[in-house]
Amino acid sequence: MKLLPEVLESVDLIKAIRRDIHAHPELCFQENRTADKVAQQLESWGIQIHRGLGKTGVVGTITGTQGAGKSLGLRADMDALPLQEHNQFEHASKHDGKMHACGHDGHVAMLLGAAEYLSKHRDFKGTVHFIFQPAEEGGGGAREMIKDGLFQLFPCDAVFGMHNWPGMSVGEFGVTPGPMMASSNEFVITVKGKGGHAALPHNSADPVFSATQIASSLQSIITRNKRPIDAAVLSITQFHAGDASNIIPDSAWLGGTVRTFTHEVLDLIETRLRHIATTVAQGFDCEADVEFLRNYPPTINHPKETEFAIEVMKNLVGEAHVNPRIDPTMGAEDFAFMLQEKPGCYVFIGNGDGDHRSQGHGLGPCQLHNPCYDFNDALLPLGSSYWVNLTQQYLSAK
């Protein structure tokens, strides 16, 4: 493992920043304190900053001393989750109902570590933009930064992102060309019927019975309409109807999520979902209204940039510690919006199996979005070294 000595020398500062951010989590588009801390650190290293994109976003820019060249964007997300932390260590969340349970505090710290190093070693050609993005957890902060002119103000020939991955050993990386993470979409189907006495169902048009038939029929999209080789998930996660045991209600509704790796499969699922909901409801003298929201597109890595990132990782940790064809995940990531605008690559860095929480943690596993999760500080010098090596090699490549 070829960690940069100066990055190792700064690891205590970067760790302190990470733990401070963890102790003061902020939800999407509310990352004011976090953005202040990021901006102050960047300015203390003589890095030019711009604030306000996507409401609370921060962009730091360094131009090398070797003149004009290519431009590169490196992105870290800043927001926390609406979750009550169960950990008891000193840097646990100080705000009830808010927690850094996905490691965004660590993502910010790793990118800051790289920014500090590159601020002192500007002997490269071109420009690097450090993109600290708000609202990844459902707010679409990447999309909002783009809408506010991110790539007009800070042109990038390519963009790169990184996420910690529990269960993968520290010192290991994983990536794959093409789909890396799925699209995230949600639906709500409201079934309207005619309520009445539960003892006299023949006088009603039962929306509950109709909704249960819709729920069962929707799985036929996955098993009978979609090609078996095309990955997709349709999960019904909510079903609401009625207030009393002896009353057939006027309406019922069900909702859930759809995940796909391609837009084509998503189009198919939405079309079939709407058709099944409306026609099944009509078959039971009811009506169905369908709301289908496309939240995040699939995160699709570009082949050229992925192969480049793989070589950077291999040079850093050795070929045996890089999985170049990791299984994609049905989780979603709004870095997808940036990859729709610019070529780039999104990678996973191993967060270990949770042993770093040996004292003061709760009883749960160290998995993402879990109240006992904590980012592994052993990643900090590795992640920062990856960002530095990627930047130097990308900007020096012809």
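Here, each number is a calculation from the coordinates, and none is a lab measurement. Fair warning: this is a prediction, and the values are worked out from it, not measured in the lab. Neighbour counts are summed over all protein chains in view; Cβ atoms, including those assigned to glycine, are modelled from backbone coordinates with ideal geometry.
Within the straight-line cut-off of under 17 Å between alpha carbons, the aspartates and glutamates reachable from K192 are D206, D243, D250, D285, E287, D289, E291, sequence neighbours fewer than 8 places apart in one chain being disregarded. Once the Cα atoms are used to define both axes, helix 207-220 deviates from the longest principal axis of the chain by about 50 degrees. This ranking places C372, C156 by how few other beta-carbon atoms lie within 10 Å of each, fewest first, which gives C372, C156. Modelled spin labels at K120 and V233, positioned 7 Å past Cα toward Cβ, are 4.3 nm from each other. Taking the Cβ-Cβ separation of K147 and A199 as r and a Förster radius of 45 Å, what is the calculated FRET efficiency to the nearest 0.05? With a Förster radius of 45 Å, E is 0.20. From most to least packed by mean Cβ count within 10 Å, the peptides 344-353, 126-135 give 126-135, 344-353. Relative to the dominant Cα principal axis of the chain, helix 11-23 is inclined by about 30°.
Ignoring lysines fewer than eight residues from K37 along the same chain, the ones with Cα atoms less than 26 angstrom from its Cα are K15, K55, K94, K98, K120, K147. Relative to the current alpha-carbon distance between E291 and N315, full extension at 0.36 nm per residue lengthens the span by 3.8 nm. Report the gain in length on full extension from E9 to E264: 0.36 nm times residue separation, minus Cα-Cα distance, nm rounded to one decimal. Gain in length upon complete extension: 86.9 nm. By other beta-carbon atoms within 10 Å, ranking R122, R227 with the fewest at the front produces R227, R122. In this structure, R51 and T279 have a Cβ-Cβ separation that, at R0 = 41 Å, corresponds to a calculated FRET efficiency of about 0.20. Each of H275, H104 was scored by other Cβ atoms within 10 Å of its Cβ. Arranged with the fewest first, they read H275, H104.
Taking the centroid of alpha carbons for each part, the range 324-398 and the range 217-295 are 33 Å apart. GNM remark for the chain: springs join alpha carbons under 10 Å apart, and the peak mean-square fluctuation among G52, G242, G318 falls on G242. When only the Cβ of Lys, Arg, Asp and Glu is charged (+1, +1, -1, -1), the dipole of the range 184-296 relative to its Cα centre reaches about 340 debye.
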